[in-house]
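Everything on this sheet refers to the single structure shown next.
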Amino acid sequence: MHERLCAVYGCPIPYFADLDPLSELISSLLSHRTKNRDSARAFRELRARFADWPAVRDAPTDEVESAIRACTWPEQKAPRIQEVLRRIGERRGGDLSLDFLGELPVPEARAWLEALPGVGPKTSAAVLIFSRLRRAALPVDSHHHRVAARLGLIPANVAVGPAHALLEAQLPPDWDAQQVYDNHEALMLHGQRCCFHFDPACGRCPVLDLCPTGQARAAVGAGTPHAEGEAPRDREGIGPAPNLAGIKERHD
Ligand code: SF4
């Protein structure tokens, strides 16, 4: 499945970001349940209004909330971000850099991050692999999760959080960060461009013969092929991107 999807979506897929790990963490916290363009606006505004992360930590919370009002629930995210910054400083003797995570084994680095308030397996993996640390940690977003469940890689009733460990355990242990990143991106892009939430285009899916959901749908005559570039009933509003520039899309 990985090889076929990689062939379609063009692995190795370029990394979409090159933030330091603390900035990636703040970006990830802003992105929870938020459209990518809105969380990106909030992140840009936060960086524009404050000189550095200590300044965000020490600012009046309503000023932080105002800076991030482009994202969802700024009234919750502003105090959460400040609390996360405070906790990092307490645990690191005042140092807010997370670069040290690059020296830890991935499971230890993830555990360190997940001890922070509001940080779960998706965020910890995102910090390690999307930041310039480039560690081999697998994030699972809603597209990735949906496609994996339909393909039978995880039971349909497993939520996104616990799906992380199940899916990561299926990856070859010698895969490097680029291969792990490609796996996530390929499944995510497949969810955006073919395996739509409400009406997957099984008829043009490159892994149809491997997919129990697609096979079941074919047996009852569902899964009509959509034309390439068409995503008419994807109610998440995430249609196929015209080219790989679209991989900058990120989702919860
Ligand atoms: S066959 Fe259909 S359900 Fe299965 S992965 Fe492809 S688009 Fe999704």
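The values are calculated or read from the model by the stated rules, or taken from the named source; none is laboratory data. Just so we're clear, the structure is a prediction, and the values are computed from it rather than from any experiment. Neighbour counts run over all protein chains shown; Cβ positions are idealised from the backbone, glycine included.
For the range 101-139, the set of residues classified as of a type in the set (Val, Ile, Thr) and within 13 Å of residue 32 (Cα to Cα) consists of 119, 123, listed by residue number. Residues in the range 50-65: is at least one assigned to a loop (DSSP other than H, G, I, E, B) and under 16 Å from residue 21 (Cα atoms)? Yes, the range 50-65 contains at least one residue that is assigned to a loop (DSSP other than H, G, I, E, B) and under 16 Å from residue 21 (Cα atoms).
Going residue by residue through the range 74-95, is there one that turns out to be within 21 Å of residue 168 (Cβ to Cβ) and small (Gly, Ala, Ser)?
no
Test of understanding: among 245, 231, which residue is modelled with pLDDT under 95 and part of a loop (DSSP other than H, G, I, E, B)? Going through 245, 231 in turn, the sole match is 231.
Restricting attention to the range 64-77, the residues that are crowded, with 18+ Cβ neighbours inside 10 Å and farther than 9 Å from residue 30 by Cα add up to 4.
Taking the numbered list (1) closer than 17 Å to residue 30 by Cα; (2) under 19 Å from the mean Cα position of the chain (by Cα) in turn, residue 111 passes all entries but (1). For the range 165-221, the set of residues classified as touching a Cys at 6+ places or on another chain (Cβ under 9 Å), within 16 Å of the ligand (Cβ to nearest atom) and under 15 Å from residue 140 (Cα atoms) consists of 183, 185, 186, 187, 190, listed by residue number. Need the failing condition index for residue 220 against (1) at pLDDT 55 or above; (2) buried (at least 18 other Cβ atoms within 10 Å of the Cβ); (3) β-branched (Val, Ile, Thr), just the number. Residue 220 satisfies all of (1) at pLDDT 55 or above; (2) buried (at least 18 other Cβ atoms within 10 Å of the Cβ); (3) β-branched (Val, Ile, Thr) except (2).
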